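First the structure, in the form of structure tokens, and then the observations on it.
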Amino acid sequence: MRVLVAGATGVIGRQLVPLLNAVGHEVVPISRSTGVDLLDREGLARAVRQAGPDVMIHLATAIPQALNPRRFASEFALTNRLRTEGMRNLVDAGPGVRLIAQGVAFAYEPGQGLADEDAPLLADPPKQFRQTLGALVELERRTAEAGGLVLRFGHLTGPGTSYDKNGYVTKAVRSGKMPIVGDGGSVFSFTHTHDAATSIVAALDREVTGVLNVVDDHPLAVREWLPALAARLGAPAPKRVPAALARLAVGAFGVHYMTRLRGADNTRARLHLNWRPSYDATREL
């Protein structure tokens, strides 16, 4: 199968391309570093025509290495464009070509238990997250209209991510600068980049459409994983900060992120893709 990978040099793409090659697929990697930009409509169309792919995979993002919750909207502006304009350009460049796209599994409306794919997304997101959520919704809509599949990944771990040894989360924890906000009640569902890649490889062999949560089996509340990570790093135990005080420093979105996220259920991905996560946040963090 001839597979075009947009975002081939990203943290998931770097895991995916070798796996695709290993199982016999012919990979056409595209990224800004290869001279193909999803926002360059004409250039992208030429690249897709030349590639003649059977499947197009959209993993392209432009997420800063260190995020500031107060500037989240501006720091995610380019990624939002890649998910909206970029997806539109990709669909138009390859009409009828099967699509697989990267979504996120941590934008669900707060609620009890783990969220399956039918659970509603945030109805009234914090201001800094509104444009990003809108971009994700549009990406999913365009993918659905094209008969494609969106894989909603959790908080990414693995090489090059914010949880890597030199990632900004790890650095913040090591320096004692990441506190437990409020009750630390946000439930994080993690996805190792290798597991994200294996889910894409599995999806290529199955005619699955819609959305699937691709996360590990052990979601963890911040009050669980943050102290455990600090202990593993030999870092100071995280401080506890009231939500009202934290809001002054990181804004409403930062507080929401640390206190109200809902974990995701991976049952459908396991069933429909015959996929299993290899990594476990309870051991990796």
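Bear in mind these aren't lab numbers, they're just calculated from the coordinates by the rules spelled out. Note that the structure is predicted; figures quoted are calculated from it, not measured. Here the Cβ positions follow ideal geometry from the backbone for every residue, glycine too, while neighbour counts run over all protein chains shown.
The table for this structure:
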{"quantity": "At q = 0.13, 0.18, 0.25 Å⁻¹, base-10 log of I(q)/I(0) for the stretch 1-99 (Debye sum, equal scatterers on each alpha carbon)", "calculated": "-0.45, -0.81, -1.33"}
{"quantity": "Net charge dipole size for the stretch 110-224 [Lys, Arg +1 and Asp, Glu -1 on Cβ; Debye, nearest 20]", "calculated": "720 debye"}
{"quantity": "Pair R260, R46: separation of 7 Å Cα→Cβ label points (nm)", "calculated": "4.7 nm"}
{"quantity": "On Cα atoms only, tilt of 41-51 relative to the major axis of the chain in degrees", "calculated": "60 degrees"}
{"quantity": "Residues whose placed amide H lies under 5 Å from that of V214, excluding near-sequence neighbours", "calculated": "R152, F153, G154"}
{"quantity": "Sequence-distant residues sharing a close amide H with R262 (under 5 Å, placed H)", "calculated": "Y108, V187"}
{"quantity": "Extension gain (nm, one decimal) between N166 and A66, 0.36 nm per residue minus Cα-Cα", "calculated": "34.9 nm"}
{"quantity": "Paramagnetic label zone (point 7 Å from Cα along Cα-to-C-beta, D54; backbone N under 13 Å) in the stretch 206-246", "calculated": "206-207"}
{"quantity": "Cβ-based net charge around M178, under 11 Å, with every Lys or Arg adding one and every Asp or Glu removing one", "calculated": "+4"}
{"quantity": "From phi via Karplus (6.51, -1.76, 1.60), per-residue ³J(HN,Hα) for the stretch 22-28 in Hz, x at Gly/Pro", "calculated": "5, 9, x, 7, 9, 9, 10"}
{"quantity": "For the stretch 211-231 and the stretch 114-143, distance of Cα centres in Å", "calculated": "21 Å"}
{"quantity": "Rounded to 5, the percent of DSSP beta bridges in the chain classed as antiparallel", "calculated": "10 percent"}
{"quantity": "Mean Cβ neighbour count within 10 Å, used as a protection proxy, ranking 121-127, 216-222, 160-166 highest first", "calculated": "216-222, 160-166, 121-127"}
{"quantity": "Interchain or long-range residues, amide H under 5 Å from T157's placed H", "calculated": "T191, H192, T193"}
{"quantity": "N21-R283 pseudo-label distance in nm [points 7 Å out on the Cα-to-Cβ vector]", "calculated": "2.8 nm"}
{"quantity": "Cβ-placed point charges (K, R +1; D, E -1), dipole of the chain about Cα centre in debye, nearest 20", "calculated": "980 debye"}
{"quantity": "Positive dipole terminus of the chain, leading residue within V214, L156, Q112 (C-beta point charges)", "calculated": "L156"}
{"quantity": "Computed [θ] at 222 nm, deg cm²/dmol, the chain (DSSP H ≥ 4; -39,500 (n - 2.57); rounded to nearest 500)", "calculated": "-12500 deg cm²/dmol"}
{"quantity": "Under the Debye formula (equal points on every Cα, no solvent term), log10 I(q)/I(0) of the chain at q = 0.15 Å⁻¹", "calculated": "-1.15"}
